[in-house]
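The values are calculated or read from the model by the stated rules, or taken from the named source; none is laboratory data. Treat the numbers as computed from the prediction; the structure is a model and nothing was measured. Every residue, glycine among them, receives a Cβ derived from its backbone with ideal geometry; neighbour counts consider all protein chains shown.
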Amino acid sequence: MFDLTGQKALVVGVANDQSIAYGCAKALKEQGARLAITYLNEKAEPHVRPLAEQLEADIVLPLDVRNEAQADALFAEISRTWGGLDTLLHSIAFSPKDDLHGRVVDCSAEGFGLAMDISVHSFLRLIRRSEPLMRDGGTCMTVSFYGAERVVAHYNMMGPVKAALEAATRYAAAELGPKGISVHALSPGPLKTRAASGIGEFDHLMNAAAERAPTHHLATIEDVGAYAAFLASREASNVTGGVHAIDGGYSIIG
């Protein structure tokens, strides 16, 4: 694959060994990158820290993206330990259950605002903090889903939220391109992650996606990780602003 030796990568969103963020962290590590990995809170730490240690992460710290003090501490440690940053991988999303399971037109302002803050604006905040550390350019990635482009049953409010995330990706790419910083959205098909388990009838969605995809295979976290490693490489330095489908062709079928 692509040589990432010497690169420093911050991975936000590892929950367990089935999460997309873990698949990306593992692929980045396998190509030579050094890692900083965050966990949400004390409840999540016992699930994340052993994975971070397995990947020989240089930095393992808590990060609730709503907690500015934790973000300050994280980036201070990155600056102290590494002096710079090459890659940011943001793989977090949230919606209150009642808002997620109801109609889009019925979602609360509070729930919609919280989903936008955690799922979208947190990516922009992390990019803003990463930018000064990416003095020689860099790569920022987030994770979206086909439901941002088309109506997917039971995806509900997260559809508009992910659409906003994809738009934010394009604008950030345009603004940071002159500095050599690329910005991407990875868009895998349905994956059985803990976050996805909150979506209604998700098992049916996964089965239907596998049947519909030209390859008849769902994407894996390894597939997403391999693509992320490519985008983090120098070979992809002139690629930016895209939403990258990693879904066996699921999204091309009408």
Do you know which of the residues in the range 116-161 that are closer than 19 Å to Gly13 by Cβ and among the β-branched types (Val, Ile, Thr) is surrounded by the fewest Cβ atoms within 10 Å (Cβ to Cβ)?
-> Ile118
Leading residue by the ranking (surrounded by the most Cβ atoms within 10 Å (Cβ to Cβ)) among those in the range 243-254 that are at pLDDT 85 or above and in a loop (DSSP other than H, G, I, E, B) | Asp247
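More than 20 Å from the chain's Cα centre (by Cα) and in contact (Cβ under 8 Å) with a residue 12 or more places away in the chain: does that describe Glu53? Walk me through how you get there before you give the answer.
Values: more than 20 Å from the chain's Cα centre (by Cα): yes; in contact (Cβ under 8 Å) with a residue 12 or more places away in the chain: no.
Here the answer is no, as Glu53 does not meet what is asked.
Every residue, every condition in (1) in contact with a Gly (Cβ under 8 Å, 6 or more places away or on another chain); (2) of a type in the set (Val, Ile, Thr); (3) part of a helix (DSSP H, G or I), yes or no:
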residue: Glu42; (1), (2), (3): no, no, no
residue: Ala52; (1), (2), (3): no, no, yes
residue: Val60; (1), (2), (3): no, yes, no
residue: Val65; (1), (2), (3): no, yes, no
residue: Leu74; (1), (2), (3): no, no, yes
residue: Arg80; (1), (2), (3): no, no, yes
residue: Leu85; (1), (2), (3): yes, no, no
residue: Asp99; (1), (2), (3): yes, no, yes
Filtering the range 224-242 down to residues that are in contact with a strand residue (DSSP E or B) (Cβ under 7 Å, 6 or more places away or on another chain) and surrounded by 20 or more Cβ atoms within 10 Å (Cβ to Cβ), which residue is farthest from Ala9 (Cα to Cα)?
-> Thr240
Could we say that Val161 is part of a strand (DSSP E or B), touching a residue at least 40 places away in the same chain (Cβ under 8 Å) and among the β-branched types (Val, Ile, Thr) here?
-> no
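Would you confirm, using the coordinates I've provided, whether Asn41 is without any contact (Cβ under 8 Å) to a residue 60 or more places away in the chain and in contact with an Asp or Glu (Cβ under 9 Å, 6 or more places away or on another chain)?
Here the answer is yes, as Asn41 does meet what is asked.
If I filter the range 208-226 for residues that are in a helix (DSSP H, G or I), closer than 24 Å to Phe75 by Cα and in contact (Cβ under 8 Å) with a residue 60 or more places away in the chain, do I get at least one hit? Give the steps one after another, and end with the answer.
If we filter the range 208-226 for residues that are in a helix (DSSP H, G or I), which is where we start, we get 208-212, 221-226.
After this cut, where a residue has to be closer than 24 Å to Phe75 by Cα as well, the list is 225.
Subsequent filtering for residues that are in contact (Cβ under 8 Å) with a residue 60 or more places away in the chain retains 225.
Yes, the conditions are met somewhere in the range 208-226.
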